[in-house]
Every structure is written in structure tokens, then in C-alpha cells.
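Worksheet: the structure to be examined is printed underneath.
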Ligand SMILES: *Cc1c(COP(=O)(O)O)cnc(C)c1O
């Protein structure tokens, strides 16, 4: 099977497994795991943040971060199709009493004006007060799109003027960096909290890091334990994160060029499904409106040809390239998928 459902499906490589097996470990709840400690410090330094806390999932990293910025009954503003509001099962409401309001942005690309236009800080006794905004970069359901750094800088300036916190859901900030050339330090300087995933394109089996000030990270560490996310000799997982940063970061460029080839092949068959110029990273989001097929049907047809994809909406099919996909896999997919699209177009 050629598995393009997500970049989370990768299996740890031999080298990564060796690094994990050889990791120095200790009880991380006591702060004794040297591999976890060095990973937290390393990632924090990369982004110019004071501290970091290792978490089992990106959702937990996001949830700890927004809990640090928004009190119960206060409001976080996000893009309508962001992971925080669509894919974390209401965690912000369930665990933190956070309410959200959303703005729909084409391809998930927010403008500073969009977000600020609906922000209502200090709303007094009758209305909900906005206390933070969240940006997703790259934007997953938007098609792996990169938020331009100029827009992020503008957003930072406007949100600071209003006294609002700014969170970056940087599950795929690695891909944004590789695609745009914007440095991690430059991204880091605009945010109060950041979450990053080691288990997506970087190919680690588990792990995210939440970054912020020392004070917020100390508090987030307590909340992590309270949520049941305090882990013990977890240096074996942090070692996979170190290995991924050492060896896999630069390989993301391959994922990006493979996604681009896929998009070009699809657009050559049926131009309305995707604009290859808009495929900046490793996600190929096909818009099947105007075709005589649903995402579920195309997903099933691909599956019988040995290709796995994700039907994320009635007419929205997503394919994601990753470490375990080869050029020959992409060749196979470009032989099958464009033909299926053409058939659905003329039918
Ligand atoms: C995958 C992802 C996360 C975290 O997901 P987990 O499955 O909880 O690790 C967060 N944000 C975005 C945009 C993602 O794609």
C-alpha cells in the first residue's frame, strides 16, 4: 500500500531506532531524563524561546499553550478549519473552559485584519473577552499553506496593541521553514506560545514540544501531569526527536517536490481540482467540486489500486507526502490518480 493519508504514518528508520535504543534516560516527572531535557532546551533555543515541555501529542501541546493564554470563559480566535477547533475534539472547551470564535480564510491563510476585526478584548460584564489568537503554520486543511511572515509580523503588532496573546500551532512549522526560508528564530519572535510536532514530517513515532516563557512552561508542566501526560523514562522518545532534527529536517524538501509533482499531474488531467502553484509543502488538497465523484468514492477507487488517501469532506480529498514515500511511489500514483480524475470529469 502507498499510504498518503498523513505524514503521521511513517515508521521509525533503523538509525532512529538505534538512537532510541541507546538513549540515556531518567524519570522525566522528576526532571531526571537528560535526553528529554536536552530536547526541550534544543527546540526552545531554535525558536528563541525560554523553555519547552515535551508532550505525547501535538494536541496536548496546543491545549497546554492556549490554557496558558486564555482563562475559563474567555475567548480564543482561530481560523475556521484550524486543527485547534476542528481536530482536538473540543478539548479547549472540555478542559479549559475556553470559548472560541472563528474566521474563515481561503486556504487557511489569515490576514491580520481578519483576525483583529473580530477580536473584542476587555468586553466588560456582558460580552466575552478575547484574550488570544491562534495561527496555524503550515495550515493543514488549507492544503499545507505557509502563512507569510510579513502577515504574521503585522498580526503580532496589532495583537500586541490590543493586549492579546498569540499562539502558533506549528505542528508543521518545519515544512513552513523549508518552503519559505524564514528562520525558526524569526517565527519564534512573534509568538507567546508555540507547539511543534516531531511525529509529522520529521518522522518520529511520538512527541511534540510546547514552547514559551519559563513561567508558562513551569505551569504547563503541572497541567501536563494533571492531564495524565507526565511520562517517565521517555528519553527513548526524545532521542527520536533529536535524531529527526539532525537527519530528517532537510529531507522535507523531497516531500515538497513530490507533492508538487502529484499536484501537477492532477492539474494536467483536470485543472479545477488543484492549482499546483498553491502547493507549497507536503499536502495535496484536491477539490472535487465539479467532478462526478465524491471524495469517499475516489478514496475507495484509489484504495483498490493500492493507494491510501483521506476523504476529509464530501468533495475534499487529501494526500500527504512523507519520509516513507519514494519517487517510484509517486510515479505509481501519477499513473493512477489523474486517470481516475479524468474519468470522473467526463462521466
Ligand atoms: C497533527 C496536528 C496537530 C497535533 O496532532 P496530534 O495528533 O495530537 O499530535 C496539531 N496541529 C496541526 C495543524 C496538526 O496537523
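The values are calculated or read from the model by the stated rules, or taken from the named source; none is laboratory data. Keep in mind that what you see is a predicted model, and the values were worked out from it rather than measured. Cβ coordinates were reconstructed from backbone atoms using ideal geometry, including for glycine residues, and neighbour counts include every protein chain displayed.
Here is how the numbers come out for the structure above:
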quantity	calculated
Enumeration of residues in the stretch 188-218 that are buried (at least 24 other Cβ atoms within 10 Å of the Cβ) and assigned to a helix (DSSP H, G or I)	217
Residue under evaluation residue 63, criteria (1) under 15 Å from residue 168 (Cβ atoms); (2) in contact with a strand residue (DSSP E or B) (Cβ under 6 Å, 6 or more places away or on another chain), criterion not met	(2)
Wholly enclosed helices (runs of 4 or more DSSP H) of the stretch 8-70 bearing at least 2 residues under 22 Å from the mean Cα position of the chain (by Cα) and assigned by TED's automatic domain parsing to the domain that holds residue 213	34-46, 58-69
Residue among 111, 80 that is within 21 Å of the chain's Cα centre (by Cα) and within 15 Å of the ligand (Cβ to nearest atom)	80
Single residue of the stretch 83-96 satisfying the filter (assigned to a loop (DSSP other than H, G, I, E, B) and within 13 Å of the ligand (Cβ to nearest atom)) that is surrounded by the most Cβ atoms within 10 Å (Cβ to Cβ)	88
So residue 202, is it under 15 Å from residue 171 (Cβ atoms), under 17 Å from the mean Cα position of the chain (by Cα) and within 16 Å of the ligand (Cβ to nearest atom)	yes
Output for the stretch 107-148, where each listed residue is without any contact (Cβ under 8 Å) to a residue 40 or more places away in the chain, under 30 Å from residue 4 (Cβ atoms) and in a helix (DSSP H, G or I)	108
Any pair with Cβ under 7 angstrom, 6 or more apart, that starts in the stretch 78-91 at a residue that is under 18 Å from residue 119 (Cα atoms) and ends at one that is near the ligand (Cβ under 9 Å from one of its atoms) and assigned to a helix (DSSP H, G or I)	78/84; 84/62
